[in-house]
1. Output the residues belonging to region 7-46 that are more than 21 Å from Leu59 (Cα to Cα) and not polar (S, T, N, Q).
2. So, in region 1-49, of the ones that are in a helix (DSSP H, G or I) and open to solvent by 100 Å² or more (accessible area, probe 1.4 Å), which residue ends up nearest to Lys75 (Cα to Cα)?
3. Taking region 50-76, which residues are under 14 Å from the mean Cα position of the chain (by Cα), among the charged types (D, E, K, R) and open to solvent by less than 80 Å² (accessible area, probe 1.4 Å)?
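The values are calculated or read from the model by the stated rules, or taken from the named source; none is laboratory data. Because the structure is predicted, anything quoted here is derived from the model rather than measured. Accessible surface is based on the protein model in full, side chains and every heavy atom, while ligands, DNA and RNA are left aside. Shrake-Rupley method; radii C 1.70, N 1.55, O 1.52, S 1.80 Å.
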Amino acid sequence: MTDSILEIVKENDNPSFIHAVGLEAHMPYPRAKNGSSFLDKTKMNVDTYETFGTYVNRLNSVDKDLGRFMNELKKMERPTIVVFWGDHYPGFTPFQAV
């Protein structure tokens, strides 16, 4: 999606309004057997670690891509407004601590 948006912006000399909805960090969050390097496995049960690990890993990926997107826009040296939001909290079932 990022590449497609950048292509549109770069090819168009006129101002553009682009409303793009990304789903990379959207649920469902299947259990990732390797969890996440961002989480302390000793602080949660295995179900929580594996499920929340998927979510956290996806957020990290989104963050990296958003950073790449912003850097590419800065290179263009043209006035740009970017609005980034979520429309709801992630839907997690209650997790239990270890």
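1. Selection gives Glu7, Ile8, Val9, Lys10, Glu11, Asp13, Pro15, Phe17, Ile18.
2. Lys10
3. Result: Arg58, Asp65.
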